[in-house]
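The values are calculated or read from the model by the stated rules, or taken from the named source; none is laboratory data. Keep in mind the model is a prediction, meaning the values are calculated, not measured. Counting neighbours? That spans all protein chains shown, and the Cβs are built from the backbone with ideal geometry, glycine included.
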Amino acid sequence: MSDSADNQAFRVRFAPSPTGYLHLGGARTALFNLLLARKRGGTFVLRIEDTDRSRHVEEAIGKICEDLRWLGMTWDEGPEVGGDFGPYRQSERAGLYDAAVRKLLDEGNAYHAFETPEELEAMREQARAAKRSLRYARPDPLPTEADAEKARAEGRPVVVRFMMPDKDMVVPDRLLGDVRIGKDELEDFIILKSDGGPTFHLANVVDDAAMRISLVLRGQEHLMNTPKHLALQEALGYPHPEYAHLPLIFNMQGKKLSKRDGDVDVHAFRAAGYLPEVMINFIALLGWSPGKDREKMTLDEMIDLFDMEGIGRSNAKFDRDKLGAFNTQAAAEAGRDRLLAGMRDYLSCNETPVAQADDDTLTALLKACEGFRTFHDVDEKCRFLFVADTGIEYDPQSVQKVLAKGSGAGYAMLIDLRPALAALEDFSAEPIERLLKTTAEAKGVGLGKVAQPLRVALTGSSISPSIFDTIALLGKDRTLARIDHCLASRE
Ligand code: GLU
């Protein structure tokens with residue numbers, strides 16, 4: 001491909017900083033970039049912005065890749081897949097950043113600075129007292145390379161600052177229109193840290209140019225960074241990519257979504273037993289709508305329907321209840337194999353005795369829990385099956401309410417039911433249902449008075465699949481053994 005053709009190609013990227021699990025906001029940025037790339041026949045790049053090396057970076061990169069894949073997203077260039085513009089981790093691209101800093105210094109667009117944190121604070125304090133701008137005051141004359149050498153020898157933190165042009169900046173945003181940022185809000189920012197590593201701003205700009213990114217679609221929290229990036233591009237002689245900043249994601253109370261609102265990491269939703277196709281659908285709706293009240297979509301349908309015009313200008317709302325409703329409906333519509341695979345995936349992320357179940361048992365459990373919201377609910381409701389018959393822990397409140405109350409009416413019910421259950425030949429859900437209903441009728445009580453004592457005796461709690469399924473799943477021997485154990489542990 002010729003250079004100019006390559007330049008014109010539509011290239012977008014998702015550029016996470018590997019600080020932990022992928023969160024919903026990041027997943028949304030990745031998804032919108034992916035959708036645009038697929039829609040326009042462009043390239044979707046995954047770039048890891050690991051200029052802040054902390055101990056857990058390796059692990060975090062793996063997690064981000066895994067979460068993206070779980071959601072069904074794939075990238076055309078990046079870690080694990082390679083590409084023509086690699087390496088795709090900033091920690092492996094130091095030479096490029098050094099060259100850019102050198103160029104900026106040589107051409108008088110950057111300078112060394114070496115204030116200690118205390119001195120910087122004192123400068124800010126003075127500015128505050130004089131009611132001057134708190135921006136870093138550019139020294140005059142500028143320090144020379146020799147000054148920087150001397151400062152380094154004295155053990156001072158030597159950084160390189162970019163000379164921000166003395167003018168208001170306009171960010172031409174594809175979603176927000178022209179956003180003007182006054183020069184008072186912009187200062188000479190650091191591009192090279194005292195440890196010799198590039199800052200986010202420098203590496204981000206150098207790599208967008210080197211990787212020929214044509215559109216930067218990222219969260220609105222980066223809007224104030226963009227004038228800096230535009231100015232750096234000008235000084236380095238790079239073309240400007242287009243920019244578009246996505247609306248923030250808010251909680252239902254209208255505050256910025258944060259960890260305080262509960263799980264916001266994609267992995268947490270996986271571990272809680274949501275289906276990935278539901279998650280990605282839901283994430284797509286955080287700030288985008290295909291119009292005509294359309295909500296349910298597969299990834300392929302989203303690619304077909306996606307365009308920038310459908311992205312909202314106002315903040316997106318994260319509605320957890322709606323997500324739950326989406327998942328409930330999708331699970332109810334999913335076939336056996338899909339549910340089984342989803343349940344296995346859920347189990348692979350959790351420590352639960354239910355993981356021991358074979359496929360037939362799991363299928364029976366999923367069926368018994370029909371109408372469930374998440375795989376976690378299935379897990380919780382069915383754990384009773386995987387504990388020893390004599391190892392059941394009885395929930396004291398349920399015991400009191402269902403068995404002991406009314407001079408032990410619940411226990412009496414168990415004593416009455418035991419021989420009838422023992423005599424039942426076909427121990428499947430239907431005959432069990434008939435038996436329990438007839439018993440309730442004969443005694444002139446509601447079905448609950450029969451079902452609840454059994455449920456507590458068999459599972460230790462008052463939550464389980466339908467009582468008929470619960471009994472059928474346990475089978476006759478275990479049902480009788482549990483009734484006996486419950487009666488024997490009566491106080
Ligand atoms: N590394 C930045 C972040 O995680 C991404 C910035 C960008 O997309 O330009 O927020």
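Here are the numbers for this structure:
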{"item": "Filter pass, Thr438 being surrounded by fewer than 13 Cβ atoms within 10 Å (Cβ to Cβ), at pLDDT 95 or above, of a type in the set (Ser, Thr, Tyr) and in a helix (DSSP H, G or I)", "result": "yes"}
{"item": "Every residue from region 301-348 that is among the small types (Gly, Ala, Ser), farther than 20 Å from Trp288 by Cβ and either touching a Gly at 6+ places or on another chain (Cβ under 7 Å) or not in a helix (DSSP H, G or I) (or both)", "result": "Ala332, Ala334, Gly335"}
{"item": "Breaking point among (1) under 23 Å from the mean Cα position of the chain (by Cα); (2) more than 15 Å from Val206 (Cβ to Cβ); (3) of a type outside the set (Gly, Ala, Ser), for Gln90", "result": "(2)"}
{"item": "Near pairs, Cβ below 8 angstrom, 6+ apart or cross-chain, from region 13-34 (of a type in the set (S, T, N, Q)) to any residue that is in a helix (DSSP H, G or I) and within 9 Å of the ligand (Cβ to nearest atom)", "result": "Ser17/Phe200"}
{"item": "Members of region 99-135 that are touching a Leu at 6+ places or on another chain (Cβ under 8 Å) and under 28 Å from Pro16 (Cβ atoms)", "result": "Ala100, Val101, Lys103, Leu104, Ala110"}
{"item": "Matching entry among Ser462, Ser466 (being under 16 Å from Asp395 (Cα atoms) and not β-branched (Val, Ile, Thr))", "result": "Ser462"}
{"item": "Val205 vs. criteria part of a helix (DSSP H, G or I), in contact with a Lys or Arg (Cβ under 9 Å, 6 or more places away or on another chain) and within 18 Å of Val170 (Cβ to Cβ)", "result": "yes"}
{"item": "Residue under evaluation Val159, criteria (1) out of contact with any Lys or Arg (no Cβ under 7 Å at 6 or more places or on another chain); (2) surrounded by 14 or more Cβ atoms within 10 Å (Cβ to Cβ), criterion not met", "result": "(1)"}
{"item": "Entirely in region 1-94, the helices (runs of 4 or more DSSP H) that have 3 or more residues that are within 15 Å of the ligand (Cβ to nearest atom) and not charged (D, E, K, R)", "result": "24-39, 57-70"}
{"item": "Test for Ala325: is it exposed (fewer than 14 other Cβ atoms within 10 Å of the Cβ) and either under 21 Å from Phe269 (Cβ atoms) or touching a Pro at 6+ places or on another chain (Cβ under 8 Å) (or both)", "result": "yes"}
{"item": "Test: residue in region 246-266 that is within 13 Å of the ligand (Cβ to nearest atom), among the polar types (S, T, N, Q) and not in a helix (DSSP H, G or I)", "result": "no"}
{"item": "Check on Asp67, under 19 Å from Ala271 (Cβ atoms), acidic (Asp, Glu) and buried (at least 16 other Cβ atoms within 10 Å of the Cβ)", "result": "yes"}
{"item": "So Asp377, is it surrounded by 14 or more Cβ atoms within 10 Å (Cβ to Cβ), in contact with a Pro (Cβ under 9 Å, 6 or more places away or on another chain) and in a helix (DSSP H, G or I)", "result": "no"}
{"item": "Any hit, region 124-145, residues being part of a helix (DSSP H, G or I), under 40 Å from the mean Cα position of the chain (by Cα) and closer than 21 Å to His201 by Cα", "result": "no"}
{"item": "Which numbered condition Lys183 fails, given (1) within 16 Å of the ligand (Cβ to nearest atom); (2) of a type outside the set (A, V, I, L, M); (3) farther than 30 Å from Arg320 by Cβ; (4) at pLDDT below 95", "result": "(1)"}
{"item": "Only listed residue being out of contact with any His (no Cβ under 9 Å at 6 or more places or on another chain), of a type in the set (A, V, I, L, M), over 27 Å from Leu36 (Cα atoms) and modelled with pLDDT of 95 or more, chosen from Ala330, Ala284, Ala325, Ala271", "result": "Ala325"}
{"item": "Looking only at region 195-232, and only at residues there that are more than 13 Å from the ligand (Cβ to nearest atom) and free of Cβ contacts under 8 Å to residues at least 60 places away in the same chain, the one that is surrounded by the fewest Cβ atoms within 10 Å (Cβ to Cβ)", "result": "Asp195"}
{"item": "Failed criterion for Ser407 (all others in (1) in contact with a Ser or Thr (Cβ under 9 Å, 6 or more places away or on another chain); (2) modelled with pLDDT under 95 hold)", "result": "(1)"}
{"item": "Residue in region 171-188 that is surrounded by the fewest Cβ atoms within 10 Å (Cβ to Cβ), counting only those that are within 18 Å of Arg218 (Cβ to Cβ) and without any contact (Cβ under 8 Å) to a residue 24 or more places away in the chain", "result": "Asp178"}
{"item": "Residue match in region 88-109 (condition: under 30 Å from Ala268 (Cα atoms), surrounded by 13 or more Cβ atoms within 10 Å (Cβ to Cβ) and aromatic (Phe, Trp, Tyr))", "result": "yes"}
{"item": "Criterion: surrounded by fewer than 16 Cβ atoms within 10 Å (Cβ to Cβ) and over 29 Å from Gly25 (Cα atoms) - qualifying residue of Arg320, Arg336, Arg313", "result": "Arg336"}
